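Reading through the structure tokens given below for one structure.
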Amino acid sequence: MSEQPYTILIVDDDAITRNALAGLLAKPNYQIEMAVDGVQGIEIAKQINPDVILLDVMMPRMNGYEVCKRIRSDPAIGEVPIIMITALDDRDVKLNSLMVGADDFLSKPFDSLELEFRLNTLRRVDRYRHLLNEREKLQSTLAELSITNQQLQTLSRQILDAQEEERRYVAVELHDEIGQLITGLKLILERQDEDTSGLLVEARMVANELLQRVREMSLNLRPAALDDFGLPAALDDLFKRFTNRTRIAVQHNINPLAEYRFNKNIETTVFRIVQEALTNISRHAGVSEAIVILITKPDLLLISIADAGKGFDIQSKDTLASSGLSGMKERVKLAGGRFVLQSAPGKGTLVLAEFDLDPTE
């Protein structure tokens, strides 16, 4: 298998020097490119991204030091190895070359063995540098993957916890509410020593209550209005049911007759965020009122849920976990939105989520 071409850029204003170097480097695996001054050298370097640059120190228009500094400051070619060429075996020249970023230096007249040795050394150093860079990139990628994996595990646990919480809610509702109503209806129907018309009235009342509770459970799990009429109608229905159940008034600016629709994922996310935030208010805030504001623009949707209640320490992991706020944050993130939470003990709570919209939709 043939070796990969090794591109060498010679930057020197002296034609004799350029040709002498080209003659010394005349090998099958070397590809030689030339520039007559520093300005042209930089341009060619950007075009071909050479494996090494042989750069003369003393040149018109722009000397080798300035060329070296400009190459090092360019992210596209800044890592290319540079050998400075000088006619002077001067300590200051060598120090200046190293200070501006040169990797090595070579004095005139050239020795072919020395030149080959320096090129081979640079190739090994450059290969090692690339290996280190690749190792750093790999380690960085592995670290990012580890963080992402931890986040996915956390999210999976939150999803499982949310599923279990939903199942627990349904189980409690079925046992405590629906179960008691069905038991009561059964006992009414088993009473045979009373007036039949009176029993039917009682049974009808219990059946109506049973239907209402089943309907409430169904709406909490997935409101039909969200699919049929959109977010404003679904939120308005949620507010009414929330107030009837908790006696907490919801002040809002939402028009249930508004016909605008959003991306289904965003509509579902906003509904669940409002539903979860109101549930937290009823459980923890100790208030008689909540405020919900929906702001829509052609390219933005913003929803805020606020209360002036007890508040809490947002740094408390236990509070965040128990109130479902971490799950709300992940839900918003998965929908491509941004989540903001503000709260402090005794100063109420603000939950805010915003989503970018596609104006063409």
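The values are calculated or read from the model by the stated rules, or taken from the named source; none is laboratory data. For clarity, every value in this text was computed on a predicted model and none was experimentally measured. Reconstructed Cβ throughout: ideal geometry from the backbone, glycine too, with neighbour counts over all protein chains shown. For accessibility, only protein heavy atoms count, side chains too; no ligands or nucleic acids. Shrake-Rupley method; radii C 1.70, N 1.55, O 1.52, S 1.80 Å.
Taken together, the residues in the range 247-266 that are open to solvent by 40 Å² or more (accessible area, probe 1.4 Å), at negative phi and touching a residue at least 12 places away in the same chain (Cβ under 8 Å) amount to 11.
So which residues in the range 96-107 are in contact (Cβ under 8 Å) with a residue 40 or more places away in the chain and in contact with a Phe, Trp or Tyr (Cβ under 7 Å, 6 or more places away or on another chain)? Residue satisfying the conditions is S97 alone.
Per-residue answers, yes or no, for (1) within 18 Å of D104 (Cβ to Cβ); (2) open to solvent by 70 Å² or more (accessible area, probe 1.4 Å); (3) touching a residue at least 12 places away in the same chain (Cβ under 8 Å):
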residue: A35; (1), (2), (3): no, no, yes
residue: E43; (1), (2), (3): no, yes, no
residue: K46; (1), (2), (3): no, yes, yes
residue: R61; (1), (2), (3): no, yes, yes
residue: E66; (1), (2), (3): no, no, yes
residue: E79; (1), (2), (3): yes, yes, yes
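Looking at the range 267-276, is at least one residue surrounded by fewer than 21 Cβ atoms within 10 Å (Cβ to Cβ) and of a type in the set (A, V, I, L, M)? The answer is no, given that none of the residues of the range 267-276 is surrounded by fewer than 21 Cβ atoms within 10 Å (Cβ to Cβ) and of a type in the set (A, V, I, L, M). Taking the range 59-95 as the range and being more than 13 Å from G41 (Cβ to Cβ) and in contact with a Phe, Trp or Tyr (Cβ under 6 Å, 6 or more places away or on another chain) as the test, only K94 passes.
Of the residues making up the range 6-16, at least one is open to solvent by 70 Å² or more (accessible area, probe 1.4 Å), over 19 Å from E116 (Cβ atoms) and without any contact (Cβ under 8 Å) to a residue 40 or more places away in the chain.
Looking at this structure, is L24 of a type outside the set (S, T, N, Q) and touching a residue at least 40 places away in the same chain (Cβ under 8 Å)? Answer is yes for this residue. Would you check if there is a residue in the range 230-237 being in a helix (DSSP H, G or I) and exposed (fewer than 14 other Cβ atoms within 10 Å of the Cβ)? For the range 230-237, residues in a helix (DSSP H, G or I) and exposed (fewer than 14 other Cβ atoms within 10 Å of the Cβ): absent.
Considering the conditions (1) surrounded by 11 or more Cβ atoms within 10 Å (Cβ to Cβ); (2) at pLDDT 80 or above, D111 is excluded by exactly one of them, (2).
Residues in the range 199-215: is at least one within 30 Å of N263 (Cβ to Cβ), in a helix (DSSP H, G or I), at pLDDT below 75 and open to solvent by 30 Å² or more (accessible area, probe 1.4 Å)? Taking every residue of the range 199-215 in turn, at least one turns out to be within 30 Å of N263 (Cβ to Cβ), in a helix (DSSP H, G or I), at pLDDT below 75 and open to solvent by 30 Å² or more (accessible area, probe 1.4 Å).
Within the range 314-323, none of the residues are at pLDDT 90 or above and among the small types (G, A, S). Of the helices (runs of 4 or more DSSP H) lying entirely inside the range 1-103, those containing at least 1 residues that are within 48 Å of the chain's Cα centre (by Cα) are 38-48, 64-72, 91-99. Taken over the range 81-98, the residue count meeting the criterion of being under 19 Å from N19 (Cα atoms) and crowded, with 16+ Cβ neighbours inside 10 Å is 5. Annotation note: Cβ proximity below 6 Å between a residue of the range 173-195 that is assigned to a helix (DSSP H, G or I) and a residue that is among the acidic types (D, E) and at pLDDT 70 or above (sequence gap 6+ or interchain) occurs for L181/E209; I188/E202.
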